[in-house]
Amino acid sequence: MEKAGGGAAAATNTVVSAMDAFEKLEKVGEGTYGKVYRARERATGKIVALKKTRLHEDDEGVPPTTLREVSILRMLSRDPHVVRLLDVKQGQNKQGKTVLYLVFEYMDTDLKKFIRSFRQTGENIPVKNVQSLMYQLCKGVAFCHGHGVLHRDLKPHNLLMDRKTMMLKIADLGLARAFTLPIKKYTHEILTLWYRAPEVLLGATHYSTAVDVWSVGCIFAELATKQPLFPGDSELQQLLHIFRLLGTPNEEMWPGVSNLMNWHEYPQWKSQSLSSAVTNLEKDGLDLLSQMLQYDPSKRISAKKAMEHPYFDELEKECL
Ligand code: AMP
């Protein structure tokens with residue numbers, strides 16, 4: 001974290017109104033922290049994504065911790081698989097509260113929409129595309145983890161894509177720490193639990209990079225089947241979905257699990273074969289998936305190791 005701290009103040013330009021510099025074209029989404037607009041930079045004509053971010057209610061300026069987080073975001077966005085943060089502008093809303101405008105490169109779709117488009121046509125996502133998207137995801141996640149940053153909320157919705165080039169970029173990084181962590185989404189839509197690691201659901205107080213790898217595993221399965229792997233609608237239902245497929249965890253497979261804060265006695269299920277739930281994935285794919293969905297976080301494969309898995313052997317990695 002300290003690495004990126006220096007020069008944080010320089011990362012923010014104060015303007016009377018960020019709207020002077022940009023022409024909002026249309027709202028393209030509502031993220032966890034606020035609205036996202038497609039906008040045109042007046043000076044250059046460049047199309048960007050403008051994300052208006054509210055800060056804590058009681059903050060008068062931009063707190064130094066936020067500036068530090070913004071500069072970490074900027075540093076991470078050097079990776080080709082992390083959405084590029086082009087600029088940060090500070091302004092005030094009508095109530096006089098400080099708002100930050102984060103200016104990102106514009107991406108034309110996200111993985112959620114991409115998967116939905118295949119569901120609608122009934123086609124499968126071509127195996128080569130699944131491989132390429134997964135590799136790029138692992139690479140971006142490995143880069144963040146290599147810099148000591150966890151995403152904590154990886155899901156198809158915040159994996160942006162360029163449909164033509166099939167480039168994938170991770171979005172919404174680091175914001176969970178920089179800005180008020182909401183219980184509900186800005187839109188009052190409930191935060192999704194589908195990609196949440198079991199140790200988080202069970203109330204672990206210390207968690208690691210392994211939480212992101214779990215999410216990557218869930219996304220992998222969803223790319224193969226076009227359906228969410230564990231579509232729980234409450235924390236308990238989420239755990240039960242996981243237990244039904246992978247078996248109810250115990251001390252033998254996951255030492256320390258019964259000491260976690262939210263641990264209870266659960267119905268006992270035996271593990272099912274992953275191939276029963278995840279069709280369309282061949283042997284290597286299933287092996288990689290099973291390593292991503294290990295219960296014990298210390299046994300879960302790392303994003304970096306995942307990139308070396310034989311599942312990716314046939315992929316032309318230089319093109320990415
Ligand atoms: P987020 O706040 O990152 O979860 O973004 C919410 C939605 O806004 C995403 O699902 C996208 O549809 C859209 N969005 C976010 N960032 C961008 C971007 N850089 N380019 C295009 N659309 C974006």
**Fill in**
To the nearest 10 degrees, the tilt of helix 210-225 (Cα long axis) against the first principal axis of the alpha carbons of the chain is 80 degrees
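Taking a quarter of the surface of the convex hull around the Cα atoms of the stretch 219-277, what do you get in nm²? All intermediate terms of the calculation are to be shown ahead of the outcome.
Numbers: hull surface 18.4 nm².
Quarter of the Cα hull surface area: 4.6 nm².
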**the stretch 218-244 and the stretch 60-119: distance between their alpha carbon centers, rounded to Å** = 28 Å
**Fill in**
Net charge (Lys, Arg +1; Asp, Glu -1) of residues whose beta-carbon lies under 15 Å from that of Leu240, Leu240 excluded, is 0
**Built amide H within the under 5 Å cut-off of Leu25, gap 5+** = Arg38, Ala39, Arg40
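Considering only protein heavy atoms and a probe of 1.4 Å, how much of the accessible area of the chain is carbon and sulfur, as a whole percent?
Answer for the chain is 51 percent, counting heavy atoms of protein chains only.
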**Complete:** Residue span Gln95 to Lys35: 0.36 nm per residue of separation minus Cα-Cα distance leaves a gain in nm of 19.9 nm
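Do any of Lys51/Lys299; Lys24/Lys97; Lys169/Lys270; Lys51/Lys283; Lys89/Lys317; Lys24/Lys164 go past 32 Å between their Cα atoms, and which?
Values: Lys51/Lys299 37 Å; Lys24/Lys97 20 Å; Lys169/Lys270 37 Å; Lys51/Lys283 41 Å; Lys89/Lys317 36 Å; Lys24/Lys164 24 Å.
Beyond 32 Å between Cα atoms: Lys51/Lys299; Lys169/Lys270; Lys51/Lys283; Lys89/Lys317.
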**Under the Karplus curve 6.51 cos²θ - 1.76 cosθ + 1.60, θ = phi - 60°, whole-Hz ³J(HN,Hα) for the stretch 135-140, x wherever Gly or Pro sits** = 5, 5, 5, 4, 5, x
**Request:** Within the set of other residues whose C-beta is less than 13 Å from the C-beta of Met167, count the net charge using Lys and Arg as +1 and Asp and Glu as -1.
**Result:** 0
**Prompt:** What does the convex hull of the Cα atoms of the chain come to per residue, in Å³, rounded to a whole number?
**Reply:** 149 Å³
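Can you give me the accessible area per residue for the chain, using a 1.4 Å probe, in Å²?
49 Å²
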**Fill in**
HN-Hα couplings for the stretch 304-320 via Karplus (6.51, -1.76, 1.60; θ = phi - 60°), in whole Hz with x for Gly/Pro, come out as 5, 5, 4, 4, 8, 5, x, 3, 9, 4, 7, 6, 7, 6, 5, 6, 8
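Around Pro255, under 15 Å between beta carbons, what's the net of Lys plus Arg minus Asp minus Glu among the other residues?
Working: positive: Lys299, Arg300; negative: Glu199, Glu251, Glu252, Asp296.
Once positives and negatives cancel, what remains is -2.
The values are calculated or read from the model by the stated rules, or taken from the named source; none is laboratory data. The structure displayed is predicted, hence computed values, not measured ones. Here the Cβ is made from the backbone with ideal geometry for all residues, glycine too, and neighbour counts use every protein chain on show. Areas reflect the complete protein model, heavy atoms only, side chains present, ligands, DNA and RNA absent. Shrake-Rupley method; radii C 1.70, N 1.55, O 1.52, S 1.80 Å.
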